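Here is the structure we will look at.
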Amino acid sequence: HSGASVTMVLHPAEADTGYRFLISKRGRIVAEIPAHIDHVKNLTLCTVLGDDSGVTISTVEHLLAALRGLSIDNCYIEVDAREVPIMDGSSAAFVAAIDQAGIVSQSASRRFIQVLKPVQVAIGDSFGELRPHTGGFRVEVEIDFTTPAIGRQIYALDLEPESFRREVSRARTFGFMSDTARLWSAGFALGASFENSVVFDEDRLLNPEGLRYSDECVRHKVLDAIGDLTLAGLPILGAYRSIRPGHKLNHAVLTALLADRSAWRVVE
C-alpha cells in the first residue's frame, strides 16, 4: 500500500518466541512488535500491528500465513520499513525463501489453542465461526461477487505444509480497476500493479497471464484467513468457516473466541 521499498530478513528464534516483528531504522532496532491480536491497530484493506509508541507494521497477513502454513512456530522478522513487502501478492516468495533456508525442530513441546465450542460472528452480510474439529486446522471460505469473472466460489483446506504450498500459497490478492482512484486518493494501493495483484474490471480479468487457479480469489481469502488467525499466538485446533470474509471479520471471530474462556483451552 505504501509503495515504498523494503528489506526484510527472517531470523531463527528460540522456542516459545512466537512471531515478532523487529522494526529497524538505519540498522538499529527501534521496536519489537509481537504478532498477536492484542497488537492489532488497523484492519482497513490489510492487517496492521503496532506498539504503544505508535510504531506500526502493515500487510502482515501473507507472511504470517506462510509461517503458519509451513508449521513454523518461532521467527524474528526484521523489517526496515512500516510494511511487509507484497512480493507477487501471494505467499509464494516467502515459502520459497523459507524452504531454501530450511526448518529445524526445537526441543520444547508444541502448544495449541483447541476450540471447545462454536463461536460465531455476523457483520452485515458476512458471517464467520470457529468450531471444534478433530483433524487439526481447517478453513472453509465462501465468497460471492456480482462480477461475473469471480461470482460465487467455495473452497476448503485442511492445513498441512504440503497442502498449503500446493493449494493456496500462490493465490494472489485481487481487486477492481474501478476502485483504483478511490484507493489511491485514500493513500492505499500505491504500490499495486499487475505484477502483484489480480485485477478485474466489471466483467473480465485484466491480467494478461490469467489466473494461477480457476478459483484463485477464494483461495486468497483462505490465505488471508490463515494469516489473520495466526494472531491467536498459537496454532489453532479447530475449523474456521466464513462467508464473504475480510480482515475485520477474521479479527472479530478470533476476538470473540479468545474472549470466551469456556470456548478454548491450551493443549500440548
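Could you give the length gained by full extension between residue 211 and residue 25, i.e. 0.36 nm per residue of separation minus their alpha carbon distance, to one decimal place? Display every interim value, and only then the final one.
On the way: separation 186, 0.36 × 186 = 66.96 nm, distance 3.74 nm.
Length difference between fully extended and current span is 63.2 nm.
Would you report the distance distribution of C-alpha pairs in the range 9-61 as whole percents per 5 angstrom bin, up to the bin with the largest distance?
4, 19, 29, 24, 17, 6, 0
Which whole-number percent gives the relative contact order of the range 9-158, counting Cα pairs below 8 Å spaced six or more residues apart? The partial results should precede the final answer.
Values: 213 pairs, mean separation 28.4, N = 150.
Relative CO of the range 9-158 lands at 19 percent.
Summarise the long-distance tail of P(r) for the range 1-128 by giving the % of C-alpha pairs beyond 26 Å. Please list the in-between numbers first.
Numbers: 2174 of 8128 pairs.
When all Cα pairs of the range 1-128 are counted, 27 percent exceed 26 Å.
Is there a pair in 221/248; 25/248; 41/117 whose C-alpha atoms are over 24 Å apart, and which pairs would that be? Don't skip to the answer; put the middle values down first.
Numbers: 221/248 12 Å; 25/248 30 Å; 41/117 28 Å.
Those over the limit are 25/248; 41/117.
Stick to the Cα atoms of the chain, pair each with every other, and give me the Kirkwood hydrodynamic radius in Å at one decimal.
Working: mean 1/r = 0.0530 Å⁻¹.
Taking every pair of different Cα atoms in the chain, averaging 1/r and inverting gives 18.9 Å.
For the chain, what is the calculated [θ] at 222 nm in deg cm²/dmol (nearest 500), taking -39500 (n - 2.57) for each run of four or more DSSP H residues and dividing by its residue count? Before the final figure, lay out the partial values.
Values: 5 runs with 52 residues, N = 268.
My calculation for the chain gives -6000 deg cm²/dmol from helical runs alone.
Report, please, the projected area of the range 94-149 averaged over directions, based on the convex hull of its C-alpha atoms, in nm².
Working: hull surface 30.5 nm².
One quarter of the hull surface, i.e. the mean projection, equals 7.6 nm².
Enter the Cα centre distance for the pair the range 107-139 and the range 1-61, rounded to the nearest angstrom.
Measuring centre to centre over Cα atoms gives 24 Å.
Would you report the distance distribution of C-alpha pairs in the range 102-181 as whole percents per 5 angstrom bin, up to the bin with the largest distance?
3, 9, 14, 17, 20, 16, 10, 6, 4, 2, 0
Since every read-out is calculated from the coordinates, none of them should be taken as a lab result. Not measured: the values here are computed from a predicted model.
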